[in-house]
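The next block holds one structure in the form of structure tokens; read it before the comments.
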Amino acid sequence: MTKKMRAIVKAKAGPGLEMVEADIPQISSREVLIKIKATSICGTDVHIYNWDQWAQGRIKPPLRIGHEFCGHVVAAGRDIRNFKEGDFVTSDSHIPDGTCPVCRQGQSHICANLEILGVDRTGCFADYIALPEISLWRNDPNLDPAQASIQDPMGNAVYTMLVEPVAGRSVVVFGDGPTGLGAVGIAKAAGASRVFHVGKYPTRLEIGRRMGADVSLNISEPGTDVVKTILEATGGWGVDVVAEMTGSQRAIDEGFAVLRKGGRFSVFGIPPTPVTLDLNKALVFKGARVYGINGRILWETWYQMAGLLQSGRLDFSPIITHRIPFDDWHKGFELMTARDRQAAKIVMFP
């Protein structure tokens, strides 16, 4: 094994990234060394690339970024118990300490001392990465590496959709980004009776239909009335489940407007600024149940996702619009920042 590798880093404050030569990580007794097989670009990576307000307040250069990947274990520390050389693995990007009061109450996905891969600690945009055993997931060896690499964001969609059962329920997904597209497919795979999908990019809405959407609503088309259409389609009652994946004030308002009394609202989208809400109308008098979605339940969400993938009812491949060499990372970020949003998930292969 050579002692050097390629890595994509935010070397300094400001827009852009750099590919550099870096040392292959040395592992501790409780870590494994993973050779990356595939790694995908997330919206968070784009925020860091653009150096927007969020990135300026959170990221401390120099930092190797990236948090979605799969790969094979090539070395294991002496205290590793459950993983060995050759295992095909992925990591949850939320790395808990396992000892804080939050973790000890079964909520390690929102650990009080949480570190996020590629944000708070060294990321996976490289040929190799070293990680603690607590964050690892063993993949089905037959799983397509491209699909294996996007399980972290698709896990957000699983948690959003399956925080309560959806079998036999009507569902609306607001958002046509990758997690929104994943939520559509998960709802359908889990037995939802009818899935409405609301977005604004034709290419992505078409992917949503391939993922199983029964009704697509494009808010960029003149005359589209989301609330009227969904209420008419549900006999005026509204849907059982709303998945809000955009962080848009409009989507939040429309989501509560189409939620039936006693329905469930899952909030995954992150608004860029504070939102307003008529608490009485939206929640109190409606008797709505609202879930804030952060990360993935460790490890319940991963078992749910693995089961759906192995069943054949769920297939993430339509969401993967581009597969490119790692050295073409510039092209990947250009596609991710294009105004027409032709790309959904872009997977890079080192």
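Structural remarks
- Taken about its Cα centre, the chain carries a charge dipole of about 320 debye when Lys and Arg each add +1 at the Cβ and Asp and Glu each add -1 at the Cβ.
- Of all beta bridges that DSSP places with both ends in the chain, some 50 percent have antiparallel geometry.
- Checking every one of the trypsin sites (Lys or Arg not before Pro) in segment 1-50 against DSSP loop status and a limit of 11 other Cβ atoms within 10 Å picks out Lys3, Lys12.
- Per-peptide packing, taken as the mean over residues of other Cβ atoms within 10 Å, places 191-200, 256-265 in the sequence 191-200, 256-265 from highest down.
- Karplus-derived HN-Hα couplings along segment 31-47 (A = 6.51, B = -1.76, C = 1.60, θ = phi - 60°), whole Hz, x at Gly and Pro: 10, 10, 9, 10, 8, 5, 9, 7, 9, 10, 8, 10, x, 4, 4, 5, 4
- Computed [θ] at 222 nm, helices only, for the chain once each DSSP H run of length n ≥ 4 contributes -39500 (n - 2.57): -7500 deg cm²/dmol
- Cα lying deepest toward the dipole's positive end in the chain, options Ala157, Ile116, Val239, charges on Cβ: Val239
- Under Karplus coefficients 6.51, -1.76 and 1.60, residue-wise ³J(HN,Hα) of segment 151-166 in Hz, glycine/proline x: 5, 4, x, 5, x, 4, 5, 4, 4, 4, 7, 9, 4, 9, x, 10
- Applied to segment 227-243, the Karplus parametrisation 6.51 cos²θ - 1.76 cosθ + 1.60 on θ = phi - 60° returns per-residue 3J(HN,Hα) values of 5, 4, 4, 6, 5, 5, 6, 10, x, x, 7, x, 8, 6, 9, 10, 10 Hz, with x for Gly and Pro.
- Segment 120-236: C-alpha gyration tensor shape, a/c 1.5 cut-off, then a/b vs b/c: prolate
- Fewest-first sequence of Val158, Val267 by Cβ atoms within 10 Å of each Cβ: Val267, Val158
- Prolate/oblate/rounded call for segment 1-105, Cα gyration tensor, a/c under 1.5 rounded: oblate
- A simple packing score, the average count of other Cβ atoms within 10 Å per residue, orders the peptides 100-106, 161-167 as 161-167, 100-106, with the highest score first.
- Here the label points at Arg58 and Arg313, each 7 Å from Cα along the C-beta direction, are separated by 3.3 nm in the simple model.
- Taking the chain and dividing mean pair separation by its residue count, relative contact order in percent (alpha carbons under 8 Å, at least six apart): 16 percent
- Two-decimal ratio, the chain, of alpha-carbon radius of gyration to 2.2 N^0.38 Å: 1.00
- Listed peptides 339-346, 172-179 appear in the order 172-179, 339-346 once ranked by packing, highest mean of other Cβ atoms within 10 Å at the front.
- Evaluated over segment 154-292, the count of Lys pairs having alpha-carbon atoms less than 25 Å apart is 9 (only pairs 8 or more residues apart or interchain).
- Sorted largest first, the spans of the alpha carbon positions of segment 154-292 along the three principal axes are 37, 33, 32 Å.
- Subtracting the Cα-Cα distance of His330 and Gln105 from 0.36 nm times their residue separation leaves 76.8 nm of extension gain.
Read the figures in this text as sums done on the coordinates, not as results from a lab. As the structure is a prediction and not an experimental result, all values here were calculated from the model. Backbone-built Cβ (ideal geometry, glycine too); neighbour counts: all protein chains shown.
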